[in-house]
Each structure stands twice: as structure tokens, then as C-alpha cells.
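Everything below concerns the one structure shown next.
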Amino acid sequence: MSTEKCYLQCINLDCKCTYDISDVLVKCSKCGDLLDVMYNWNGHEMPRNLQFFQKKWQNRNNLLDFSGVWRFRELLPFCDEKYIATIGEGQTILQCNDGVASYVGSSAGKVHLQYEGLNPSGSFKDNGMAGAFSHARMVGAKHAICASTGNTSAALALYAHSCGMEGTVFIGSGKIAYGKLSQALDYGARTIQIKGDFDDCMRQVQLVAKEMDLYLVNSLNPFRLEGQKTIMYRILEGLNWQVPDWIVVPGGNLGNSSAFGKAFAELKELGLINKIPRLAIINATGANTLFELYEKLSIRYNGGNVDTEAIDSYYAQLDKAGFKPKTLASAIEISRPVNLKKCLRALEICNGVVREVSDDDILDARAIVARWGLGCEPASAASVAGLKLLRSENIIGPDETVACVLTGHELKDPTATVNYHIERNGRFSNKPVEVENDIDEIIRELKK
Ligand code: F0G
């Protein structure tokens, strides 16, 4: 084991190769597996309890204490303060929502929504970018790049500009919601539309980043996940430092779920929590790789001995069938999640479950969440649709405390919302009517 305070380590138990924290790597150079940011905690000054973080609220004119990521910096101490990137991310809320509780069949007071749409770029990605761009500054990177279904590109564009770096994003042609595309363009990122889908973009961006020595900020980047751990700290903060029974999160490239598992494993190791919540990861049925692998093929982390042959043969089948993921929850239209192995580890740490939900269920749940006060984009509502399913199966009990992560803002994808109300005829559609430009006609309509 490294004696450094902080280092990178390959997650492959047969390799466990370590690297310096200032190395620019997203995969192990020896075996190609994913990397973790590791801490020798006793080399750091650590808080004795989670209430320690409460006092940062009194110091909100300090930019680091104001940030919803960096006020927890003792739990992600990889970076000297002088390199830290922050644009005020993480001012999010945990809302107890009885309207949604009633919709999913939970008791009042038990369902909480962690609304990440309040971030500066409108999604949870800003938490991760605060981590990745701090590392990018630490290593003197000049040009950041990512593949994206939209939100990563919006966040990259914002942070690259604020850090004085160049930013490039790869997006699948026609595969991105307009709100997100408008952000990447508006914030000044070079935007390359590749004729393919997200999985194609993800493959290309890794090759290009390596070839051109660019700084990759997809969630393969382990410093992204350090930032995303703080979403869980804020849920604990919102629950007055009580651990919920369940965390429910949509699954796409599986960075969030991986980060959440790491966050809870570390908090437990540090003695800052005494139980770990269960984790439910929700796929859309049209992009359900994790569901297939975990629930149908029973692929498990197995203490690190993942059956990679079974996974490779599943992917070979997808290729043979010419499978392309398809869901209106475009943010999670992904069939080759790059963080799969870390996610399986998180499922083991958190005794997790995986479910798939249909686009109809996602869109109905999105409409209900919006009606009860927190507009989110379709992918985000997969968490609520998943909770409803898990309640109907009684895997989650009515009195269990649940936090659903709403990953992105409703205005990211207004087309999805308008289509739901006008064309889709969903359970909660609210169709506009057209009348003649005539007062009698208008009043007649209003009296109906
Ligand atoms: N929800 C939203 C709104 C997202 O944008 C994403 C991922 C996810 C959920 C899935 O999160 O990858 O951590 O499992 N969006 C990426 C992007 C892929 O490019 O914006 P995950």
C-alpha cells in the first residue's frame, strides 16, 4: 500500500497498482481497469462526527464553505485548496414530498427528493466537475474533453470556461435534448456531433483524449466521483445526519451509483455512520444493461471477482443483434456503462437492487414530480418510477425512509414535457385547447 496521504489505485484485486495523485489517468496503465482515489485517512485531520460540517453554514462567505461539494472537503482531501474549482455548486435541497409519497404508496413523511436540478448548470454533474476540474488545475491541464448525453457537456462547458481551459464535447447526432445543447454552445465549448450514439462517443473520446493528451472529465475520471460523493453527504445533512433506509437513483453510465457506494463505505470505515442505506438503481427498459446483468444474469461484484467473461458475452450478443439503446429518458440512453464494475461494488456495499421502468412510467412519474413542485427531466424521474415499482413489490416498505435523487432540471428537456402533454396522452397529460379569437368562444370554453 502507498504511504502517500492520497493516491490512485486500480480496483482490480489481482493488480491493485497504485499511482501518484498527480498522474493523469482514467484507467490503470497496467491492466486497463478502473481507478479509485484512495486516502490514508490517518494522514489527514478528520472530523469526529458529521455534525462537524454543520458549522460551515456560519461561514458562507468563504467560497469553499459555501460550495455544497467543498464544505465536505475533509471527506475528499485530494487537492490543495489553491487548486480548487468552484462555481457555487451543490446549493441543492432535500425536500420531503408527501404528494410523491402518496403516488408511490409510501407513508407521509417518508419520501424525500434530492433536487440536483438546482446546480449552476442544472444537473448533478456540477458536483463531479468541481472534483475533476480541481484535479485538472492541480496537474496544469489546458483542455478538457468529454462524451455526453447532454448534461456532462453543459457542466464541462461551464467549468472549462471558469477555469480558463479549452472545452470540447462529443455528442451523438440528434441524441441530445435542446436545453443541454444550448448550454454547451452558449458556454463556449467546441461541440462535435458524432454520427452515432453515446456509447460510440464514449469509445471515441477515450481514444482521442489519449492520442491528443486531453483531460477527460467523463465519470471514468475518479475525481468526478469524489465530487459526486457529496450528494450523499447533503442527503444526510438534509435528514439531520440520520441515514435513510434507501437511496434511489437512475442508472446510465453508473458514475453516481459508484460514487454513492464509495461515499457510504468510507463514512462507515471512518465511524461517521453506523449503517449503510440500501441502494436501488433504476434503468429505463430501453437501456437496461445493468438490470439484465444484475437481476437476470445474477452478475455480482463477488468481493472483486466479477465474471467478466459473462459480461463480455452479453455485450457480444448485443453487438450481434445490432442492439441500440432507446429511451425518451435520453440522459440514460446508454448500453455500455463505463463504471459497471464500480457500480457492482456499490450494489454489494449497499445490498442493492436494480429495476427497469418503461418510458410511460418514467413520464407519468415526471409529471407527478413536476406537479408537486420540483420539475425534473425524464431520466431523473426514473428514480420515482422505480420507487413506485419497488413499493408495489414491497421490496421497499411503506414506512421506510427513502431519498430519490432527481438528477437534472425539467428545463433541460422541454420537448419531452410538451410532447407528454400534447401528444402522448399520458395519465397526467394536460392538453392545451385552441379557440377562435372571440370573447364568446373563449368564455364558452372556460365554462366547460
Ligand atoms: N440523470 C441525468 C439527468 C443524467 O444526465 C445522467 C447521465 C444520469 C442520470 C445517469 O447518471 O451516468 O451517473 O449513471 N448523464 C451523462 C451525460 C451520461 O453525458 O450527461 P450516471
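Counting only strands (runs of 3 or more DSSP E) that sit completely within region 1-52, those holding 2 or more residues that are in contact with a strand residue (DSSP E or B) (Cβ under 7 Å, 6 or more places away or on another chain), in contact (Cβ under 8 Å) with a residue 24 or more places away in the chain and not charged (D, E, K, R) correspond to 6-10, 35-39. Contact annotation: residue pairs with Cβ atoms under 8 Å, 6 or more positions apart or on different chains, pairing a residue in region 431-448 that is closer than 19 Å to His421 by Cβ with a partner that is surrounded by 10 or more Cβ atoms within 10 Å (Cβ to Cβ) and of a type in the set (A, V, I, L, M), are Lys431/Ile422; Pro432/Ile422; Val435/Ile442; Glu445/Val435. Counting the residues of region 32-43 that are more than 16 Å from Gln206 (Cα to Cα) and surrounded by 13 or more Cβ atoms within 10 Å (Cβ to Cβ) gives 6.
Scoring Ile349 on the criteria (1) under 17 Å from Gly426 (Cβ atoms); (2) more than 14 Å from the ligand (Cβ to nearest atom); (3) in contact with a Gly (Cβ under 6 Å, 6 or more places away or on another chain) leaves a single failure, condition (1). Taken together, the residues in region 376-420 that are more than 16 Å from the ligand (Cβ to nearest atom) and in contact with a Pro (Cβ under 9 Å, 6 or more places away or on another chain) amount to 5. Against the test of being assigned to a loop (DSSP other than H, G, I, E, B), polar (S, T, N, Q) and within 13 Å of the ligand (Cβ to nearest atom), the options Asn274, Asn253 yield a single qualifying residue, Asn253.
Restricting region 298-320 to residues that are aliphatic (A, V, I, L, M) and in a helix (DSSP H, G or I), the residue that is nearest to Ile334 (Cα to Cα) is Leu318.
Is one or more of the residues making up region 260-269 part of a helix (DSSP H, G or I), touching a residue at least 60 places away in the same chain (Cβ under 8 Å), near the ligand (Cβ under 8 Å from one of its atoms) and within 18 Å of Ala382 (Cβ to Cβ)? Checked region 260-269: no residue is part of a helix (DSSP H, G or I), touching a residue at least 60 places away in the same chain (Cβ under 8 Å), near the ligand (Cβ under 8 Å from one of its atoms) and within 18 Å of Ala382 (Cβ to Cβ). So for region 103-112 (the condition being surrounded by 24 or more Cβ atoms within 10 Å (Cβ to Cβ) and within 16 Å of the ligand (Cβ to nearest atom)), does at least one residue qualify? Within region 103-112 (the criterion being surrounded by 24 or more Cβ atoms within 10 Å (Cβ to Cβ) and within 16 Å of the ligand (Cβ to nearest atom)), the answer is no, since none of the residues qualifies. In region 266-321, the qualifying residues are those that are of a type in the set (Val, Ile, Thr) and under 20 Å from Trp246 (Cβ atoms), and the one that is surrounded by the most Cβ atoms within 10 Å (Cβ to Cβ) is Ile282.
Yes/no per residue for (1) at pLDDT 95 or above; (2) of a type outside the set (Val, Ile, Thr); (3) under 26 Å from Asp36 (Cβ atoms):
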residue: Pro277; (1), (2), (3): yes, yes, yes
residue: Thr285; (1), (2), (3): yes, no, no
residue: Asn288; (1), (2), (3): yes, yes, no
residue: Glu309; (1), (2), (3): yes, yes, yes
residue: Asp319; (1), (2), (3): yes, yes, no
residue: Val353; (1), (2), (3): yes, no, yes
residue: Asp359; (1), (2), (3): yes, yes, no
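Taking each residue of region 318-334 that is in contact (Cβ under 8 Å) with a residue 60 or more places away in the chain and small (Gly, Ala, Ser) and looking for partners that are within 16 Å of the ligand (Cβ to nearest atom) and part of a helix (DSSP H, G or I) with beta-carbon atoms closer than 7 Å, six or more apart or interchain, yields Ala329/Asp359; Ala329/Ile362; Ala329/Pro378; Ala329/Ala379; Ala329/Ala382; Ala331/Asn151; Ala331/Ala379.
For His143, indicate whether it is within 30 Å of Leu389 (Cβ to Cβ) and either within 12 Å of the ligand (Cβ to nearest atom) or out of contact with any Lys or Arg (no Cβ under 9 Å at 6 or more places or on another chain) (or both). Considered against the rule, which asks whether it is within 30 Å of Leu389 (Cβ to Cβ) and either within 12 Å of the ligand (Cβ to nearest atom) or out of contact with any Lys or Arg (no Cβ under 9 Å at 6 or more places or on another chain) (or both), His143 comes out as no.
Listed here are the residues, each with its yes/no results for (1) at pLDDT 95 or above; (2) of a type in the set (Lys, Arg); (3) farther than 20 Å from Leu236 by Cα; (4) not assigned by TED's automatic domain parsing to the domain that holds Tyr19.
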| site | (1), (2), (3), (4) |
| --- | --- |
| Leu35 | yes, no, yes, no |
| Trp57 | no, no, no, yes |
| Asn61 | no, no, yes, yes |
| Phe66 | yes, no, no, yes |
| Arg71 | yes, yes, no, yes |
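Within region 322-331, identify whether any single residue is part of a helix (DSSP H, G or I), modelled with pLDDT of 95 or more and within 16 Å of the ligand (Cβ to nearest atom), and answer yes or no. Scanning region 322-331, I find at least one residue that is part of a helix (DSSP H, G or I), modelled with pLDDT of 95 or more and within 16 Å of the ligand (Cβ to nearest atom), so the answer is yes. Screening Tyr159 against (1) more than 10 Å from the ligand (Cβ to nearest atom); (2) within 23 Å of Arg71 (Cβ to Cβ); (3) in the same structural domain as Pro244 (by TED's automatic domain parsing) leaves a single unmet condition, (3).
I need the full set of residues from region 125-140 which are away from the ligand (no atom under 14 Å from the Cβ) and farther than 18 Å from Arg73 by Cβ, in order please. Give the derivation first.
At the first step, the residues of region 125-140 found to be away from the ligand (no atom under 14 Å from the Cβ) are 130, 133-140.
Correct list: Val139, Gly140.
The values are calculated or read from the model by the stated rules, or taken from the named source; none is laboratory data. Since we're looking at a predicted model, the values are computed, not measured. Methodologically, a virtual Cβ is constructed for each residue, glycine included, from the backbone with ideal geometry; neighbour enumeration extends over all protein chains shown.
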